[in-house]
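The values are calculated or read from the model by the stated rules, or taken from the named source; none is laboratory data. Keep in mind that what you see is a predicted model, and the values were worked out from it rather than measured. With ideal geometry, Cβ positions are generated from the backbone for all residues, glycine too; neighbour counts draw on all protein chains shown. Quick note on the areas: whole protein, heavy atoms, side chains included, nothing else; ligands and nucleic acids left out. Shrake-Rupley method; radii C 1.70, N 1.55, O 1.52, S 1.80 Å.
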Amino acid sequence: MTVLYALLYYVAAIIFVVGVAKRVWEYWKTPQPAVIPTTPAPVTRTGVVWRMFKEVAFFESLWKSNKWIWIFAMMFHLSLWLIIIRHLRYFLDPVPTLIVLAQPFGKYAGFFFVLGALGLLARRMFVPRIRYISNPSDYLMLLLFLGIGLSGLGMTFVSKTDIVGVKAFFLGLMTFNWQPLPTDLPVLVHLGLVALFLIIFPFSKLVHAPGVFFSPTRNMVDNPREKFRPVPWLPPVDEVQYDPPHGS
């Protein structure tokens with residue numbers, strides 16, 4: 001079982017890193033010839049940075065459009081960050097003080113993570129316009145998050161596991177010095193779902209996490225009159241023939 005999960009996590013990590021890097025590269029190379037920021041939009045680069053920060057950190061546009069969904073989205077994402085910070089203890093030795101202090105918050109963040117995922121799932125199921133544009137993969141990812149959250153809570157509050165052994169396993173993965181993985185069923189289920197998430201992520205809509213930084217509706221300065229943007233697939237401006245309107 002140790003060999004199986006070690007190989008699974010190596011494959012998952014490679015797919016995750018290479019897949020996300022490939023998607024980011026595609027975003028980076030995609031031309032943005034037209035100025036199409038959602039208005040009212042900032043007219044300076046500093047304003048764009050501030051707008052992007054508010055969008056990424058506080059979901060500003062979602063707050064303006066739907067307060068209830070904003071609550072579930074913030075609950076889900078903030079809990080996820082706390083959980084990730086808490087899980088850093090499995091990859092660091094010694095564990096930094098800040099991560100130690102975050103442990104109690106990350107421990108109970110699992111409940112809010114599951115509640116947030118349930119709220120987002122209910123949105124896809126019961127809001128007609130959202131249900132209409134939802135694909136099976138959208139439901140799959142939310143169910144996957146629920147499985148990860150519930151199995152993690154089960155290990156924490158129901159069936160205790162050998163967290164020292166789990167940490168030794170992951171530290172061993174990073175140094176290619178494999179250590180035995182505890183074979184408790186909750187651990188195997190939880191780690192299996194996390195590996196599945198890493199494999200699916202680059203091919204899912206969840207890649208919007210890095211993609212939001214490349215969204216022209218958010219990252220562009222509203223200055224179409226002040227700055228000319230040549231279109232890569234058209235000839236230069238000085239080669240374009242101008243035909244005046246008839247009668248002029």
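Odds and ends about this structure:
- What the Cβ-Cβ distance of residue 157 and residue 223 gives, at R0 = 41 Å and to the nearest 0.05, is a FRET efficiency of 0.15.
- In the stretch 1-147, the C-alpha radius of gyration followed by the widest Cα-Cα span (Dmax) gives 19.0, 57 angstrom.
- FRET efficiency for the residue 1 to residue 135 pair, using the beta carbon distance and R₀ = 41 Å, is estimated at 0.75.
- Residue 143-residue 111 pseudo-label distance in nm [points 7 Å out on the Cα-to-Cβ vector]: 2.7
- FRET E, pair residue 127, residue 98, Förster distance 35 Å, beta-carbon r, rounded to 0.05: 0.35
- Solvent-accessible heavy-atom area per residue, rounded to whole Å², over the chain at 1.4 Å: 64
- Legend: helices of the chain (whole DSSP H runs) are marked when their alpha-carbon atoms reach 20 angstrom or more along the helix axis and their mean Kyte-Doolittle hydropathy is at least 0.5; marked are 2-29, 67-87, 103-126, 136-153, 185-200.
- For the set 226, 55, the ranking by accessible area, highest first and with no ligand, DNA or RNA atoms included, is 226, 55 under a 1.4 Å probe.
- In the chain, taking the dipole from charged Cβ atoms about the Cα centre, the farthest positive-side position among 8, 152, 178 is held by 152.
- Separation of the alpha carbons by more than 32 angstrom is noted, of 54/227; 29/67; 54/160; 29/167; 64/205, for 29/67; 54/160; 29/167.
- Ranked from largest to smallest solvent-accessible area, with a 1.4 Å probe on the protein heavy atoms, 133, 199, 163, 99 come out as 133, 163, 199, 99.
- Three-way shape label, the chain, alpha-carbon gyration tensor, a/c 1.5: prolate
- Sparsely packed loop sites in the stretch 9-117 (the chymotrypsin sites (Phe, Trp or Tyr not before Pro) outside DSSP H, G, I, E and B with at most 13 other Cβ atoms within 10 Å) comprise 91.
- Order of exposure, largest accessible area first, which applies to 80, 120, 7 with probe 1.4 Å: 7, 80, 120
- Overall, the accessible surface of the chain at a probe of 1.4 angstrom is composed of carbon and sulfur to the extent of 72 percent.
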